[in-house]
Every structure is written in C-alpha cells, then in structure tokens.
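Trainee: This is the structure I have questions about; it appears just below.
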Amino acid sequence: MLNRAQIFSAIDALIAASEVSGERFAVLILRVPGLREISLRFGYSQGDQAEEMAHALIRQSLRPCDEVFRAGDDSFIVLLPTMLNANHALLAGTRLVQAFEQPLNGTASPWLVRPVMGIALHPEHGPSADRLCRRASMALDEAQRRGELCVLYQPYDTQIEIFYDELREALDANRLRVFFQPIWNLQENRIAGAESLARWSSPHHGEVSPANFVPFSEQSDLISVLTRWSVNTTLRHVASLPLSHDLRFAINFSPRVLSRPGMVEQLIGALEIWGVPPTAVIVEITETTLVNDLEMSVQVLRRLRDHGVHIAIDDFGTGYASIAYLRQFPATELKIDQSLIAAMNSEPHTAKLVRAIVNMAHHMDLTTTAEGIEDQHTRNLLVDMGCDFGQGFHLGRPQPALDFIAQFGSIGTTP
C-alpha cells in the first residue's frame, strides 16, 4: 500500500541531488487495470501473486538507478533520475508498456493487462514531492480520459488543480448547473432529445471544464455524489416536459459508479420520484468500461435495460471495444466518436469506416449517434449513410437546461 512518507523522502533526495547536478528526473505513476479483477475472480492469493509479477515486470524494464514503490492495489510510483528531456521519460514509459505485452503467468489462467501512466518532470512541473506526485496523477487521469497509455503532464493545458472541499461543497450546495446539448433525429429532421452535461463555475477558478473536474471526481468518492446530482437535476428538468414529446436524455455514467452497490435501485428510484419513464433515459458509458470490468458492467447495465433504460456506448470507434465485446454487452446504441466524424470529409477511408459502423450497428439492432457534427456537408453524409441521430455545434451547442426546454418546448424546430 501507499507509503507516502517513504515516497516523498525518496523524491526529496532526488530534488536535493538535482539542485547540485542540474539534472532532471521524472515521477511516473503507473496503474495496472485488471489486477483487482484477478483478486475478485481467483482469490486474494492469486491477486497478490499477480501484483508481485506486475512489480517484477516493472522492475525488469527499468535501470538499476530507478526506484519502484507500490501505491495501492493496482498502482505503482516509479522514480526516474537523470532524465535528459521529456522524450527520455516517455521512452521509459514505452518500455513499461512493452513489458506488459506478455500475460501475467502463474495466476489461475494467463491474464493480459494494459498499464496506464502519467509522468511529471522536475523541475518543469513542480518544486516539491507533493506537487510532482499530484501532477503525475493529473497526467494519469488525462491518459485514462483520452484512452491513451502514457501521458506527460502539460502545465499549459486546460487542467487545473481542484480542491476536494470546494467541489464537495459545490455539489452539496447545488452550485453546479446542468446544460443540455441537442440530439437530432437525422432521418426525420426533428429534435430527439439531449445529452446532459455538468457545468461548474468556481469562485477560485472561474468556469471549470468537465475535462478537469469529472476525472478528479472519479479518483475520489465524489463521482457518486456528482452522478447522483446529475441524475436528479436532469430528471427534474425532464419532468417539466409533456410525456407526449417523446424526447430521450443521455446521462454519462462512470465505470466506477457502475460498480457501486445499489446503483440500479438509485436510478430507478429517481425515475419514479420525478415521474420520468425509463425509456426517456439513455445511460452513456465509455468504451473503457468494456475492458475495465466487463462482467460487472454487463450485469448492472442488463438490469437497467430490462427496466427500459437505453444503454449507449460513448466514443465508439477509437478505444478498445470489439465485436466480441458488443456480442456480450447489453447496448442499445453506439455513439460514433467525433474524431471519426470530423475526418470523414478529408479521409474517404474514414467515411467508409463510419458507414461500416452504422451498417454493423443496424445489423445488431443498435441505433447510431454521430458526435461532433460541425457542418451541413457532414450532416448530409450521415443522413445518406442511414445514421439515426446526431449532435454537434452545427445542430446545437450545449445550453442551460431551461433554455433548451424553452427552445424545444414544441417539437419540430429545425436547426
């Protein structure tokens, strides 16, 4: 488990040495998704053995001067002294990725895991052990959000350092706002619903991007609080619409929330309280859910689908999902990632890929939603392909929920 004092002491020693030599060093936080599942599937003894093997793989891929510390059931902190530049640190990350291309043998069955890493450099990214570890952790969050394996902290990107107590207080006091981004039925040219998006205006930071506070909440117990707030605030607005409107509203769910006991009962209970039919809700999950804990996700989402809730796989086409996963997964809809949609106009092969995804989804009785539609030409292409739904700035930007209801209170408005 995490021995923060020992780790900070080792980093402080590197900082002191760096002040004399002028050399950089790197703090790398590595998470190995799947180690916890080994314990659940095969027992804690097998899980401990898998953790030992993961530690050995990390150690074998490093230099003798590098240090490795355990930082949790599935996480490690690696200290990399004498890094000439950021590329050398990324090269170390690449070696670690390659080390895990072999399965963890010795468990009940060989188990293939994929590490995810975040890296921070001294002195560029922080003067202290605390700051370096936090920024390496922020880079790890960004890697998980992007679906990448290794990310270097970027001090000038949109990430900011969020204070736990401030976000907790904002949630408890209902200081966040819900925005709706319109979703259009492309084939019938009518409004079909919206995606619910959380927005936060902080007294310290101003407008905080969800790309910052959502990953932060996922690394703490706040993700359950944020999801509960999002569900109830969304349903409160949906309840003000006549049922005859037949609109559907998508709510994003973190994989961490799916594994919490009672999640199904909480959502169904909220639907009953607000008088919203389950068929009016789409639970959106990312492709990473498919590989992080497939068995648990399937069980929970199948129960929701059996109640009538729609299930959408978000950002489809750029992550880990495969035909084998789709065969097991109780999805009702695929949301095609905006990077594919944006490339259709300039890359004919990408357009063919999007068409193939639409056709495949329809053959599997799934509907499709295209994300990131930015112009009329892209919209026309998707209509021709038979894509069912679409969203993007061309069709409507995110707007306060009350503004959405005022604008689309009568069905049939054309964007």
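The values are calculated or read from the model by the stated rules, or taken from the named source; none is laboratory data. Treat the numbers as computed from the prediction; the structure is a model and nothing was measured. Cβ atoms come from the backbone with ideal geometry, glycine included; neighbour counts cover every protein chain shown.
Trainee: Conditions: (1) under 15 Å from the mean Cα position of the chain (by Cα); (2) touching a residue at least 40 places away in the same chain (Cβ under 8 Å). ARG256 meets all but one. Number of the miss?
Mentor: (2)
Trainee: Still on this model: Can you tell me which residue among SER209, SER196, SER224 is in contact with a helix residue (DSSP H, G or I) (Cβ under 7 Å, 6 or more places away or on another chain), closer than 30 Å to ALA71 by Cα, of a type outside the set (Val, Ile, Thr) and not assigned by TED's automatic domain parsing to the domain that holds ARG146?
Mentor: When all the criteria are applied, what remains is SER224.
Trainee: Here's something else I'd like to know. Which count do you get for residues in region 369-393 that are assigned to a loop (DSSP other than H, G, I, E, B) and under 13 Å from ASP314 (Cα atoms)?
Mentor: Qualifying residue count, region 369-393: 3.
Trainee: On to the next question. The conditions are (1) at pLDDT below 90; (2) more than 23 Å from the chain's Cα centre (by Cα), and GLU37 fails exactly one of them. Which is it?
Mentor: (2)
Trainee: In region 110-138, which residues are among the small types (Gly, Ala, Ser) and surrounded by fewer than 23 Cβ atoms within 10 Å (Cβ to Cβ)?
Mentor: Within region 110-138, GLY126, SER128, ALA129, SER137 meet the criteria.
Trainee: While we're on this one: List pairs: first in region 203-231 and in contact (Cβ under 8 Å) with a residue 12 or more places away in the chain, second exposed (fewer than 15 other Cβ atoms within 10 Å of the Cβ) and in a strand (DSSP E or B), Cβ under 9 Å, 6+ apart or cross-chain?
Mentor: VAL208/SER201
Trainee: Quick one: which helices (runs of 4 or more DSSP H) lie wholly within region 197-306 and hold at least 2 residues that are of a type outside the set (A, V, I, L, M, F, W, C) and touching a Phe, Trp or Tyr at 6+ places or on another chain (Cβ under 8 Å)?
Mentor: Answer list for region 197-306: 222-238.
Trainee: Working only within region 156-171, note down all residues that are modelled with pLDDT under 75 and either surrounded by 15 or more Cβ atoms within 10 Å (Cβ to Cβ) or assigned to a helix (DSSP H, G or I) (or both).
Mentor: Those that are modelled with pLDDT under 75 and either surrounded by 15 or more Cβ atoms within 10 Å (Cβ to Cβ) or assigned to a helix (DSSP H, G or I) (or both): GLN159, ILE160, ILE162.
Trainee: Please find, within region 1-21, the residue that is farthest from ASP130 (Cα to Cα) out of those that are more than 32 Å from the chain's Cα centre (by Cα) and aliphatic (A, V, I, L, M).
Mentor: Residue satisfying both the conditions and the ranking: VAL20.
Trainee: Right, next: Tell me, which residue of region 206-253 that is of a type in the set (Phe, Trp, Tyr) and under 16 Å from ALA194 (Cα atoms) is surrounded by the most Cβ atoms within 10 Å (Cβ to Cβ)?
Mentor: Among them, the one singled out is PHE253.
Trainee: Quick check: is even one residue across region 309-322 assigned to a helix (DSSP H, G or I) and hydrophobic (A, V, I, L, M, F, W, C)?
Mentor: No, the conditions are met nowhere in region 309-322.
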